[in-house]
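What follows is a short report on a single structure.
The values are calculated or read from the model by the stated rules, or taken from the named source; none is laboratory data. Here the structure is a predicted model, which means the values were calculated and not measured. Ideal geometry is used to build each Cβ from the backbone, glycine not excepted, and the neighbour counts take in all protein chains shown. Just the protein is used for accessible areas: all its heavy atoms, side chains included, with ligands, DNA and RNA removed. Shrake-Rupley method; radii C 1.70, N 1.55, O 1.52, S 1.80 Å.
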Amino acid sequence: MRVLRSIYQGLDDRYQLTPLIEKNVTRKWVPRTLGWSACFGGLALLVFLIQVFTGILLLIYYKPDPGRAWDSVTFIKSNVPMGWLIQRVHVVGANVMIALVLMHMARIAYFKIYRSPRELHWVSGVVLLSLTVFLAFTGYLLPWTNLSYWGASVGTEIPGAIPFVGEHVVTWARRGPGISGETLGFFFAMHIWVLPAGLVIFMAMHFAMIRRTGISRPL
Amino acid sequence: MNNASHAQDSSSKPSDRRRFCKMAIGGMAVASAGMVGYPVTTFLKLPKSMSQQGSMEVPLADLAEGTAIWGEHLGRQIAVIKVDGQVRAFNGACPHLGCVVQWEGATRTFKCPCHGAVFSDNGKPVAGPVNAPLESVPFQIQDDVLRIT
Ligand code: HEM
Ligand code: FES
């Protein structure tokens with residue numbers, strides 16, 4: 001304890017950490033009337049961090065190859081110590097994250113918080129919801145089960161309804177006429193890098209905007 | 001808030017409540033760290049089948065011409081076959097959706113029960129929904145025993 005305290009003291013002397021922490025955490029006042037529904041956004045962030053963490057752990061064993069993907073997930077679930085838990089947390093977390101983002105949005109809509117000057121909070125929020133849904137969708141293909149295969153088939157079929165370009169969007173998303181190893185590689189890249197990076201960028205913008213306008217004060 | 005007057009009102013020592021809160025918060029922090037730390041450090045250990053250097057052995061005397069012997073290696077179902085006196089080993093997982101294929105001695109092909117993929121005796125796809133071959137598995141032969149390590 002004493003060692004930790006003197007390390008902190010040394011850093012604080014040099015970089016004035018205490019006022020920074022007080023201003024942003026311990027003495028940052030929020031409106032008293034907020035209520036528990038104001039927690040959903042922060043909880044969605046927490047679940048995202050859990051997903052990043054468990055996702056990185058799954059990557060140690062997961063193999064994005066049609067011949068080995070299913071084997072590798074089965075290996076995680078039945079042979080890796082605590083693998084079943086980490087894999088389950090990642091699966092349940094995906095669903096919880098979508099639910100939390102939707103609940104967060106419902107609150108903004110119900111209390112009409114989206115009105116000026118917070119319109120772009122809402123717009124960036126819609127982007128965050130889409131990225132979250134795409135993350136769950138791309139992740140669903142990764143274990144390469146019959147369910148994932150058909151889930152991806154049906155899901156990638158949806159943009160086919162767009163007039164004129166629909167068919168092209170479908171083949172683009174599938175990397176070919178049907179779901180194949182190419183689709184798996186594409187979804188894997190999206191799932192572990194592109195979409196999480198997009199989420200981080202939009203979250204940063206979302207939070208920066210909220211800092212500028214301040215938390216909305218319920219009447 | 002005035003700490004001095006507060007201390008006089010209170011029958012217990014002034015630091016009691018604060019100490020209790022600190023200990024409760026600290027205790028919860030330690031408990032949470034344990035709840036996360038234990039499964040995560042366990043996850044990072046070597047799984048049994050890997051630390052035991054899981055290896056599969058097939059005595060070649062048991063392998064008759066045109067037949068297959070199945071075994072398990074690192075969670076994979078492996079088929080060792082003998083055709084025209086030549087020994088080959090394949091990962092039995094179908095490259096389509098991962099079902100385990102079956103060896104059919106009469107036609108010298110692997111057939112997948114799930115969506116009908118057919119592979120020749122060298123693993124090449126010849127029919128069905130795949131164009132990828134069965135993964136061939138490297139092995140060593142020593143003293144008439146085939147080993148996959
Ligand atoms: C950087 C962040 C992430 C990484 C590195 C990652 C990595 C992975 C990996 C390797 C898998 C395959 C293993 C398995 O299927 O269990 C997977 C599956 C999955 N992921 Fe993620 N993931 C991340 C974030 C997310 C997020 C934010 C969501 C949802 C909002 C999500 C939803 C899913 C789903 C639904 C599956 C399928 C699980 C199954 O059915 O077995 N992932 N992820
Ligand atoms: S899993 Fe073998 S043909 Fe579909």
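Numerical summary
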| item | result |
| --- | --- |
| Burial of 10 Å² or greater, the stretch A:77-109 residues [accessible area, probe 1.4 Å, versus chain by itself] | A:Asn79, A:Val80, A:Pro81, A:Met82, A:Leu85, A:Ile86 |
| GNM flexibility winner over chain A from A:Met190, A:Met209, A:Met82 (Cα, springs under 10 Å) | A:Met82 |
| Kirkwood-based Rg to Rh ratio, the protein assembly as shown, C-alpha trace | 1.12 |
| Span-rule helices in chain A, defined as complete DSSP H runs reaching 15 Å or more along the axis (Cα) with Kyte mean at least 1.6 | A:40-59 |
| Degrees separating the helix B:15-43 axis from the principal Cα axis of chain B, which is the longest one | 10 |
| Rounded percent of accessible protein surface that carbon and sulfur make up, the stretch A:92-219, 1.4 Å probe | 74 |
| Drop in accessible area of at least 40 Å² in the complex versus isolated chain, residues of the stretch B:89-105, 1.4 Å probe | B:Leu97 |
| Within chain A: Cβ-based charge dipole about Cα centre, in debye rounded to nearest 20 (Lys, Arg +1; Asp, Glu -1) | 1060 |
| Sum of -39500 (n - 2.57) over DSSP H runs of 4+, divided by residues of chain A (222 nm, nearest 500) | -22000 deg cm²/dmol |
| Unpartnered cysteines - no second Cys beta carbon under 4.7 Å - across the protein assembly as shown | A:Cys39, B:Cys21 |
| Neighbouring partner chain Cβ atoms per residue of A:65-72, average, 10 Å criterion | 6 |
| Chain B - percent relative contact order, Cα under 8 Å, separation 6 or more | 17 |
| Among A:Val96, A:Ala109, A:Phe75 - extreme Cα towards positive end, dipole of chain A, charges at beta-carbon | A:Ala109 |
| Total charge dipole magnitude, chain B, about the Cα centre, Cβ charges on Lys, Arg, Asp, Glu only, Debye to nearest 20 | 1100 |
| Charge context of B:Glu135, other residues only, Cβ under 14 angstrom, K/R +1, D/E -1 | +3 |
| Max mean-square fluctuation residue, GNM over chain A, Cα-Cα springs under 10 Å, options A:Arg174, A:Arg27, A:Arg68 | A:Arg27 |
| Chains A and B together, accessible area buried on both sides, 1.4 angstrom probe, square angstrom | 1700 |
| Within chain B, helix-based [θ] at 222 nm, where runs of 4 or more DSSP H residues each add -39,500 (n - 2.57), nearest 500 | -8500 deg cm²/dmol |
| Per-residue mean of C-beta atoms belonging to partner chains within 10 Å, peptide B:39-47 | 6 |
| Chain B, accessible surface, carbon-and-sulfur percent (1.4 angstrom probe) | 56 |
| Whole-number accessible area per residue in Å² for the protein assembly as shown, which is evaluated in the context of all protein chains at 1.4 Å | 63 |
| Contact order normalised by residue count of the stretch A:38-213, Cα under 8 Å, 6+ apart, percent | 24 |
